[in-house]
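Working notes for the structure below.
The values are calculated or read from the model by the stated rules, or taken from the named source; none is laboratory data. All figures in this text were calculated on a predicted structure; none of them were measured in a lab. Neighbour counts run over all protein chains shown; Cβ positions are idealised from the backbone, glycine included. In case anyone asks, the SASA skips ligands and DNA or RNA and just uses the protein heavy atoms, side chains included. Shrake-Rupley method; radii C 1.70, N 1.55, O 1.52, S 1.80 Å.
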Amino acid sequence: MLWPFIALSLLCLSTNTVTTQRIENDNQVVIAFIIEENSACILPYFLGTLDRLTYPKEKITLWIRVDANSTSSVEDINKWTEAVRHQYHNVDYAIFKGITEELSSLTHDDVILSLREEALLSAKQHDYIIFIEPDLAIENLEFIDDLIDSSIVQRADVIAPMLNVGNRENEEQLDYYNFWEDISDEGGQVITETSTGISERSVKGCFRVSLVHSFFMVDVRSPVYNSLSFNHTLFKRQEVNKNFNLVGFSKSALSNGANIKVCNNKKYGEIYPPADWFENGDEERKPYLQYKLRKSIWSSATILPSEHVTRKPSQISKDFDMVYIINLKKRAQRRVFMEHIVYELGLQNYQFFDAVDGKQLNDSYLAHLQVSTLPGYKEPYDDRTYLTRGEIGCFLSHYFIWEEAREKGYKSILILEDDAEPVPDMLSQYKLVSAEMKSLNGNWDLLYLGRSPVDETVLKTSDIEGLEHLVSPGYSYWTVAYALSDRGINKVLSHKPLSKMLPSDIYLNILYDMHANEEWKNQFSPRNLVALSASPRLIFPALFPGDDNFVSDTSFEVSEHDEL
């Protein structure tokens, strides 16, 4: 399958000298991109990359083509171009029709390749054209200058920044990157130790290769430019070769002696395998893209959606007066991640709530709040009889939200911790949960969207007659994502929990009478919190112990004299 691309063509106004220093480029840039439905979920982030490019926008002309069948993409591009048009030198935007009955003699590749050819020919009066697919995660915002500089230094006719699949889930993905060292006689990829070294960046530099795809630049001033073509009729088409849409262009370059280079000196971002790498095609690839995008955001502060492409309010925003997101100020990257989740879920009424940092708590402040651990408490894994300062900070963060929500008279709130990661089909699944919640006519206090069932033998989850997407939760860990009604808010505050504090998840379990420790439970009465849980669960922690970037803000210890 051939994926959408972007082409940037650059009109050079001055002659540059080969140098290892940053070359002062003064170019008029044409950015041409084709957008299809398979890139819709990541498109706002791609447009956000364009928004933040370091290259002067007044030197950029946009050439945009969007598949009419991609309704959401058409809406996004309409909003985006309307907002940014005045920033650019010019905007040429049109919608194209995909395969229809009258075009039934053509393949999908035929349509896309003809558009690519149009973009390539449109660069005749310019100096460079960069092709880039809009379903990539691009971190380096200086790539235009980088590619021009490298092209001049390397004397490359075609040059690409190396992209690979980050956070690979299987060995097969090790072999997917945006270059081929060589092309076999059958038109397939030849993989060698050198290919692996380049993709893994165990060797760094610029390397001569036979094929680049997804993100590359062509020097239009090169003698080989007029011989380049995406038009497969100019070459022998191998009908059984799914790679033909890649190989055809490279064959035209190689047959005319083009110097094709790939550079891995810097990290530019990540590439994602196309639909034909997945058993169920685009159906499987879409949630994969969402998952990979989230992982990329954990490690990069530059991958952000365009502020000009907003999301419609979701059912979640309609159901809750406020969505609170608990975040420690020092965990800035987690906030970036949750801003992505806010965008993805279409949340309108939300606020980031500054978490209480347990490491900043002192005895006098805790005494002022009259904080003390529940008498008889013993941590089940290490027999610890006190709460760590991190656990106290976590409980206080939730407690202060409950207090604020009551003071503001909210009818219902949703609380998310800053590692809350929704399942890929969260919005559609939540609509089913929401419909069943409404059938209860307000008879609920607590709703888990994310939890970790602990004891499914005695304190187990149970079905609710007549409901398919809600269950009565058993003993559960986590407070990563849960909702409270106004009645539930009053109940969790009525027990004056600061004077008999527990970890926040255990406290909630006790209030809906799902805990095995009778001594603990008997210190809270009544235990009549009406608890529900989405089934299946809709939110999980994004990171677990052992994962890259995992850090716990609740597990650190306190000295003996600080025990509470």
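Quickly work out the Asp175-to-Val203 label distance, labels modelled 7 Å from Cα along the C-beta direction, and quote it in nm with one decimal. Output for this residue pair reads 2.0 nm. Ordered by solvent-accessible area of protein heavy atoms (1.4 Å probe), largest first, the residues Glu279, Glu518 come out as Glu279, Glu518.
Applying the criteria of a DSSP loop state and at most 15 other Cβ atoms within 10 Å to the GluC sites (Glu not before Pro) of the stretch 105-211 yields Glu142, Glu169, Glu186. Going through [x] 3, 16, 24, 20, 15, 12, 8, 2, 0; [y] 3, 15, 23, 22, 18, 12, 5, 1, 0; [z] 3, 17, 26, 23, 15, 10, 5, 2, 0, the figure that equals P(r) over Cα pairs in 10 Å bins from 0, in percent as computed for the structure here is [x].
Extending 7 Å from the Cα toward the beta-carbon at both Thr192 and Asp513 defines two label points whose distance is 7.3 nm. Taking the Cβ-Cβ separation of Arg487 and Arg52 as r and a Förster radius of 60 Å, what is the calculated FRET efficiency to the nearest 0.05? Efficiency, from the Cβ-Cβ distance: 0.85. Taking chymotrypsin sites (Phe, Trp or Tyr not before Pro) across the stretch 280-381, the ones in a DSSP loop with at most 12 further Cβ atoms lying within 10 angstrom of their Cβ are Tyr381. For Lys359, neighbours were defined as the other residues whose beta-carbon sits under 10 Å from its Cβ, and their charges (Lys and Arg +1, Asp and Glu -1) total 0.
Go through Met217, Leu447, Leu470 and say which Cα lies farthest out towards the positive end of the charge dipole of the chain; charges sit on Cβ, +1 for Lys and Arg, -1 for Asp and Glu. Result: Met217. Relative contact order of the stretch 312-417, taken over Cα pairs closer than 8 Å and 6 or more residues apart, is 42 percent.
Looking at the square roots a ≥ b ≥ c of the eigenvalues of the Cα gyration tensor of the stretch 347-505, which shape do they give, rounded for a/c under 1.5, prolate if a/b is larger than b/c, or oblate? Judged from the Cα gyration tensor, the stretch 347-505 comes out prolate (a/c at least 1.5, a/b above b/c). The length gained by stretching the chain between Ser499 and Asp383 to full extension, at 0.36 nm per residue less their Cα-Cα distance, is 39.7 nm.
Counted by Cβ distance under 10 Å from Ile34, the other residues give a net charge of -2, where Lys and Arg count +1 and Asp and Glu count -1.
Of Val91, Val530, Val203, which has the most accessible area and how do the rest follow, probe 1.4 Å?
Val203, Val530, Val91
Here the contact order of the stretch 351-475, divided by its residue count and restricted to Cα pairs under 8 Å and six or more residues apart, works out to 17 percent.
Is the shape of the stretch 117-201 best called rounded, prolate or oblate, per the rule: a/c under 1.5 gives rounded, else a/b larger than b/c gives prolate, else oblate, with a ≥ b ≥ c the square roots of the Cα gyration tensor eigenvalues? Taking the square roots of the gyration eigenvalues as a ≥ b ≥ c, the stretch 117-201 is prolate. Sites listed here are trypsin sites (Lys or Arg not before Pro) in the stretch 425-521 whose DSSP assignment is loop and whose Cβ has at most 13 other Cβ atoms within 10 Å, and the list is empty. Stretched out straight at 0.36 nm per residue, the stretch from Glu284 to Lys267 would grow longer than its current Cα-Cα span by 3.4 nm.
Largest first, how would Leu440, Leu502 line up by accessible area (1.4 Å probe)?
Leu440, Leu502
Per residue, the solvent-accessible area of the chain (1.4 Å probe, heavy atoms of protein chains only, all protein chains present) comes to 43 Å². Taking a Cβ cut-off of under 12 Å around Val220, the surrounding Lys, Arg, Asp and Glu residues balance to a net charge of -1, with basic ones at +1 and acidic ones at -1.
Which of rounded, prolate or oblate describes the stretch 286-355 when judged by the alpha-carbon gyration tensor and an a/c cut-off of 1.5?
On the way: a/c = 1.87, a/b = 1.12, b/c = 1.67.
Taking the square roots of the gyration eigenvalues as a ≥ b ≥ c, the stretch 286-355 is oblate.
Considering only Ser372, Ile144, Leu508, the residue lying farthest towards the positive end of the dipole of the chain is Ile144, judged by Cα position with unit charges set on Cβ. With a Förster radius of 41 Å, plug the Cβ-Cβ distance of Leu467 and His368 into 1/(1 + (r/R0)^6) and report the FRET value to the nearest 0.05. Working from the Cβ atoms, E equals 0.40. Note on Ser255 and Trp277: the model spin-label points, each 7 Å out from Cα along the C-beta direction, lie 2.9 nm apart. Note on the stretch 46-98: Cα-Cα pairs beyond 14 Å make up 54% of the total pair count.
Report, in debye and to the nearest 20, how large the dipole of the chain comes out about its Cα centre when Lys and Arg carry +1 and Asp and Glu carry -1 on their Cβ.
That gives the chain a dipole magnitude of about 1140 debye.
Roughly to the nearest percent, how much of the accessible area of the chain is carbon and sulfur, given a 1.4 Å probe? Ligands and nucleic acids excluded, carbon and sulfur reach 48 percent. Mean sequence separation of contacting Cα pairs (under 8 Å, at least six apart), scaled by the length of the chain, corresponds to a relative contact order of 13 percent.
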